Amino acid sequence: MTEKKDYSNQRTFLIDLTRCTGCRGCQVACKQWNQLEAEKTTFFEGEGYQNPPAMSEHTFTKIKFRDYQRHGYNEFAFYKEMCMHCNDPACASVCPVGAFLKTPEGPVIYKPERCIGCRFCMIACPFGVPKYQWSKTFPFVVKCTGCYSRVKEGLIPACAKACPSAISYGSRSDMIREAKSRLQARPDKYFNRVYGMEEAGGTSVLYLSELPFLELGFRKVTARPLPSYTWAALRLVPAVFLTMGGSLAFISWLTHRKERLRREQEERNVREHGKEGQ
Amino acid sequence: MTNHWNDLKNSDCILAIGCNPAENHPISFKWIEAAMEKGGTLIAVDPRFTRTASKADIYARIRPGTDIAFLGGLINYALQNNLVHKEYVSEYTNASFIVNEQFGFKEGMFSDWDDRKKTYDMTKWRYAVDGSGKAQRDPTLKDPRSVYQLLKKHYSRYDVDTVCRVTGTNKDDYITVAKAFCGTGRPDRAGTILYAMGITQSTHGVQNVRAVAVLQMLLGNIGIPGGGVNALRGESNVQGSTDYGLLFHTLPAYMASPEYMDVSLAAYSARYFPKSSEPKSTNWWQNGNKYMVSLLKAWWGENAKAENEFCYNYLPKRSGNYSYIPIINKMAEGRLEGLVCMGMNPAVGGPNSLKAREGLGKLKWLVTADLWETETSIFWKRPGVNPKDIKTEVFMLPAASSVEKEGSISNSGRWAQWRYAAVEPPGEAKSDLWILDRFHHRLKELYKKEGGELPEAITKVAWDYGTGHEPDVHRVAKEINGYFTRDTTIKDRDTVLEFKAGEQVPAFALLQDDGSTLSGCWIYCGSYTKDGNLMARRDPADHPSGLGLHPGWAWCWPANRRILYNRASVNKAGRPFNPNRPILAWNSATKKWEGDVPDGGAPPIDDEKGAYPFIMNFEGVGRLYALNMKDGPFPEHYEPAESPAKNLLSKVQNNPLIKIPQNISVDMAKYPYIGTTYRVTEHWQAGAMTRSLPWLVELVPDMFVEMSETLANSKGIKNGDRVRVTTRRGSIEAYALVTTRLKPFLVQGKIIEEVGMPWHFGYSGSAKGDSANVLTSDDYLSPNSSIPEYKAFLCNIEKGGNHA
């Protein structure tokens, strides 16, 4: 996977947080489309009106609130936590049964029928996205599907459709171009970065913000695609398997051949000697 | 709204005061964002730092109930710094009108106050008139008795320092707001003011809106794209409900409902449809009689004839204030036999909930029509009550939701958008139309059989909406539009128009006062014509100006005119003040207006047949000085009825017209904090529609109150603790949300804290909680509109659910 893939046509979200009002239309649309359960909540969990406490088997996306003061001024900020649908997803790379797939359209989807519940993906994902079905007897890992069932039919994801203004959806190259043009047109309005351009090697979810991302609570994630860390070793596995295994098998065959030839010689000796003795 | 939602994108400066569009109109907020994309400025003025404030370029804090001080300060700033739109003010407002010598204002009171009747003698406020009855004018605006000079003098007391001491706003923030907003007085700049319940739910609510209007007229912002006085309506069809006269004091299309002294149609018309002696004033209400007659014809059909004044006698005549609070008071006194609540939840939505709930138990019968059980329909088994003690017979009618029935909804921008039923209502749920239709037929039968008081008023009603199971809503819509009752010929300028009986009236200008037309609501005349149901149109194309008119999308009243008073957007020759945003322009070659539907078809003023732009006022111009407001021609700041502060603008503490009951005085020692109420995105009004939807309950499951860190610290309250809030009316328990978004106010040297809360909760539904309106008062009402003062009261708060 070291060759450079072209992601420019992949379906990508552009989430402009300067437009997000924290209305949670996206959260509810996601629940409705995926027919997810409502969680039992009390008061609020976290800053502002945040609910439910965390993403889970029942919550594929969540608006996180920040309610704080910055240089003496109030900041009340909102951002959408969701699967980043990475270009080179760590979850797909570590899954021993290949239950994750980066589709050609862009969404990283998940095949529950293959999942063995090992939760390797939960450890590997740098954004902490895949969640485990703790409540089920036969539990699987679940996460945002990028609304692949809709995208395949030419529709846009449910959250993007419900959002009045903050979420745009289109090809990665278009979304990057749009993000850059906004940064250029209104440098006073934006923090000068597009989160998701480089994180984990680039993702299909890009963010613009007025406030610094780390201050909001976004994670600091390496620009290297996660699979590249293990790829150096993993890519040698077939070759190692074949050469080491093949060599050892050959040596074993050679060693056993000597023994086999000696045994065959003995059997022939026994048969010939037996005939003369009469 | 004078303008409409899409038009907000045209604004250079949006002042959101007493409203919270990001939270309460999240989808329409995108138009505000569109304006900001183009460089427009959003100003949020609110007691709390809301989700709207988080998006705003400028935030200014304001103490609840001090909006007139804030707006008065902006009026003064504009006048003192020469930021007004001079041509607009002198030509299109009554700035130049001379006020008679008897008008005055001294020490907080206008002249003349009748201390016995507790009202003003409004005859003292009239214009000074010449021999022919026309108002005298000074076009130079220098006469000290001119409205302009009187206005300037009145608001000279609203200097920035005084204003900020009253409102608790930081002075630098205030000046930033003033500079930004008053900068829209330039002809090439448009400023819009958005407002909602923060402005209206006050003992001076109507004067708050007047202050908004005065400021906008001074800045030349009315009638232009990106300008206007824009109310953000709170329920999806409240605009429709007020349009169709559901308020106690109006008939459909905002005609006044007659009172007992309006003994005949002629007397009524003389009182409400004024004649104007100003030749350049269109004075559109002079046509009022045609609309009244057409309405009476719609209601009593063939029975309404010229000889019987079109059954005017059958109209009920008011002899008092029949608004919400007097009804609840009467009910609470046991003097009401029955009550019908259709989609209305007095147990949660009105002030002083405990009184309302008690009062419901004194009814002989109650009918509710709702989608779910509400606190009102189950008042008889509410917590703390034994159903055996309540004798009220309760009928719950299941109602269809908006997606289960066909009809129109009118949005804040006056756009009536037709909708179809997507699914059948569940079980026995019925549309409101079906319910009312059945009521009508049954009542009619009972009156026919049993007689009663004035049975003809009901038995002679013309009611023909088809014979199917479900009344035909299209027939209702067509009747609202109106049609000709007989073959009619009308001379319209140079043409002769011929209409057949039963033909739809194409425009309200053709409604007649001789019984040849009927119309259920004249402002909707033109919405359903022989071209079909214009409200159902969905052409997304914009007008070539690109100003968001979308003339082919649905239909708006009146006459599909998107921006009201748009003839104030051009100068006297008919050229737009701002050529970059031409909503309307006069083509002197074709002698026609181009652009939006002109507000009044008359040519611009310079033309010999020209007319002034404010056609609904008899003067034809906008009123900086208002003749018909009970509490004064100029908005004046008074403190809310329950206030922690003394009035700094004058010696008169409260609006003299509000009737504060004798036995009430608020003890600040007992109730030291300001209380206010509001809404969140995630719940709807009294909560019946949302507190049983799991995905919404998940977001906001519990009643909470918001307070500052300093208040929390002083009471030992931490975020998430249970607290108890108490007022003179009652006491509630809730979770505490501690935040820096609320801060105390510095009021005359004292620190006054504030407690805010949403009012969505009640004891019914799956997410239950205490109701904020247990705390609010029904004692103090606006003298013009009778609206209660929900937004500013005094309360106390204690940790742990203990009584304060």
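Computed from the coordinates by the stated procedures, all read-outs in this text should not be read as laboratory data. Quick caveat: nothing in here was measured; it's all calculated off a predicted structure. Note: ideal-geometry Cβ built from the backbone for every residue, glycine included; neighbour counts use all protein chains shown.
Couple of notes before you dig in:
- Taking 7 Å steps out from each Cα toward its Cβ at A:Arg268 and A:Met244 produces label points 3.9 nm apart.
- Here the Gaussian network model covers chain A, with springs between Cα atoms less than 10 Å apart; of A:Leu242, A:Leu216, A:Leu208, A:Leu242 fluctuates the most.
- Note on B:Lys134 and A:Glu105: their simple-model spin labels are 7.1 nm apart, each label 7 Å out from Cα toward Cβ.
- What the phi angles of region B:686-694 give under the Karplus curve with 6.51, -1.76 and 1.60, with θ = phi - 60°, is a coupling list of 6, x, 4, 7, 10, 7, 10, 9, x Hz, glycine and proline written as x.
- Our summary gives chain A a relative contact order of 23 percent, counting only alpha carbon pairs under 8 angstrom and 6 or more residues apart.
- Eligible lysines near B:Lys388 by straight Cα distance, threshold 29 Å, same-chain separation 8 or greater: B:Lys330, B:Lys355, B:Lys362, B:Lys364, B:Lys768
- Across peptide A:18-29, the mean count of Cβ atoms from other chains lying within 10 Å of each residue's own Cβ comes to 6.
- When each of the peptides B:675-684, B:449-458 is scored by the mean number of other C-beta atoms lying within 10 Å of its residues, the order from highest to lowest reads B:675-684, B:449-458.
- Structural size metrics of region A:11-232, computed from C-alpha coordinates, are Rg and Dmax of 17.1, 53 Å.
- Sites matching trypsin sites (Lys or Arg not before Pro) across region A:2-77 that sit in DSSP coil, with at most 14 neighbouring C-beta atoms within 10 Å: A:Lys4, A:Lys5, A:Lys40
- Label-point gap, in nm, between B:Val340 and A:Phe138 - each point 7 angstrom along Cα→Cβ: 5.7 nm
- Taking Cα centre as origin and charging only the Cβ of basic (Lys, Arg, +1) and acidic (Asp, Glu, -1) residues, the dipole magnitude of chain A rounds to 280 debye.
- For region B:298-402, trypsin sites (Lys or Arg not before Pro) are listed when DSSP marks them as loop and at most 11 other Cβ atoms sit within 10 Å of their Cβ; the list is B:Arg335, B:Lys391.
- Under the combined filter of DSSP loop state and at most 14 neighbouring Cβ atoms within 10 Å, region B:407-450 retains these chymotrypsin sites (Phe, Trp or Tyr not before Pro): B:Tyr420.
- For chain B, the antiparallel share of DSSP beta bridges with both residues in that region comes to about 55%.
- Base-10 log of normalised Debye intensity for the protein assembly as shown (one unit scatterer per alpha-carbon) at q = 0.05 Å⁻¹: -0.38
- Overall Cα dimensions of region B:81-194, principal axis frame, Å, largest first: 47, 37, 26
- Nonlocal amide H pairs with A:Glu75, under 5 Å, H built at 1.01 Å: A:Tyr68, A:Gln69, A:Arg70
- Helical mean residue ellipticity (222 nm; -39500 (n - 2.57) per DSSP H run of 4+; nearest 500) of chain B: -6000 deg cm²/dmol
- Were the residues from B:Glu445 through B:Ala267 laid out at 0.36 nm apart, the gain over their Cα-Cα distance would be 60.8 nm.
- Mean Cα-pair separation over length for chain B, i.e. relative contact order, pairs under 8 Å, 6 or more apart, %: 16 percent
- The calculated pair-distance distribution of region B:689-781 uses every alpha carbon pair, bins of 5 angstrom beginning at 0, and gives 3, 13, 20, 20, 20, 14, 7, 2, 1, 0 percent.
- A cut-off of 5 Å between modelled amide H atoms, ignoring neighbours fewer than 5 places along the same chain, links B:Asp779 with no other residue.
- DSSP bridge pairs, region B:613-740: antiparallel proportion in percent, nearest 5: 55 percent
- Residue by residue, region B:702-713 carries 3J(HN,Hα) couplings of 9, 5, 9, 10, 9, 8, 6, 5, 5, 5, 4, 4 Hz when phi is fed to the Karplus relation 6.51 cos²θ - 1.76 cosθ + 1.60 (θ = phi - 60°); x denotes Gly or Pro.
- You can think of it this way: the chain between B:Glu393 and B:Ala589 has 63.6 nm of extra reach, that is 0.36 nm per residue less the Cα-Cα gap.
- Peptide B:18-31 has a mean shielding of 3, counted as Cβ atoms of other protein chains within 10 Å of each residue's Cβ.
- Entries in A:Lys189/B:Lys715; B:Lys124/B:Lys646; B:Lys153/B:Lys592; A:Lys62/B:Lys38; A:Lys136/B:Lys405 that, when Cα-Cα distance is taken, lie over 32 Å: A:Lys189/B:Lys715; B:Lys153/B:Lys592; A:Lys136/B:Lys405
- Karplus-derived 3J(HN,Hα), 6.51/-1.76/1.60, for each residue of region A:64-73, Hz, glycine and proline x: 9, 9, 10, 10, 8, 10, 10, 6, x, 9
- DSSP-defined antiparallel bridges as percent of all bridges, the protein assembly as shown, nearest 5: 65 percent
- When the alpha carbon gyration tensor of chain B is reduced to an equivalent ellipsoid, its three semi-axes come out at 39, 36, 26 angstrom, largest first.
- Intensity falloff of region A:236-277 expressed as log10 I(q)/I(0), Debye formula with alpha-carbon point scatterers, at q = 0.13, 0.14, 0.28 Å⁻¹: -0.47, -0.50, -0.85
- About the centre of its Cα atoms, the protein assembly as shown shows a dipole size close to 2180 debye [charges on the beta carbon of Lys, Arg (+1) and Asp, Glu (-1) only; nearest 20 debye].
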